[in-house]
Amino acid sequence: MRIIINREKCIGAGNCVMSAPAVFTQDDDEGLVIVLDPNPSDDLADAVAEAMELCPGKVISTE
Ligand code: SF4
């Protein structure tokens, strides 16, 4: 799995960090998403799926 984000659409809600803290964090200035693990292992798939679902800006996708 590869994580793709459209950072321009991020509004800093932080739902992704709560769902998958091993994969996402937020920057200190604006709270915009930062990908910590762009190729997460399969055991994180459910957490990433939840992050995608809960992201209000639909910023996150995978391939
Ligand atoms: S949940 Fe979406 S909008 Fe919120 S910080 Fe994460 S990527 Fe950005």
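Once backbone amide H atoms are built at 1.01 Å from N, ILE34 has THR25, GLN26, ASP27 as its partners under 5 Å, excluding neighbours fewer than 5 places away on the same chain. The label-point distance for ALA22 and LEU36, in a model that sets each label 7 Å from Cα toward Cβ, rounds to 1.0 nm. Arranged from fewest to most other beta-carbon atoms within 10 Å of their beta carbon, VAL59, VAL35 become VAL35, VAL59. Against the chain, whose longest principal axis is taken from its Cα atoms, helix 45-54 shows a tilt of about 30°. Remark: VAL48, VAL17 ranked as VAL17, VAL48, counting other beta-carbon atoms within 10 Å and listing the fewest first. For THR62, the residues whose modelled amide H falls within less than 5 Å of its own, excluding neighbours fewer than 5 places apart on the same chain, are ILE4.
Bear in mind that the values in this text are calculations on the coordinates, not laboratory data. As the structure is a computational prediction, the values presented were derived from the model and not from experiment. Note: ideal-geometry Cβ built from the backbone for every residue, glycine included; neighbour counts use all protein chains shown.
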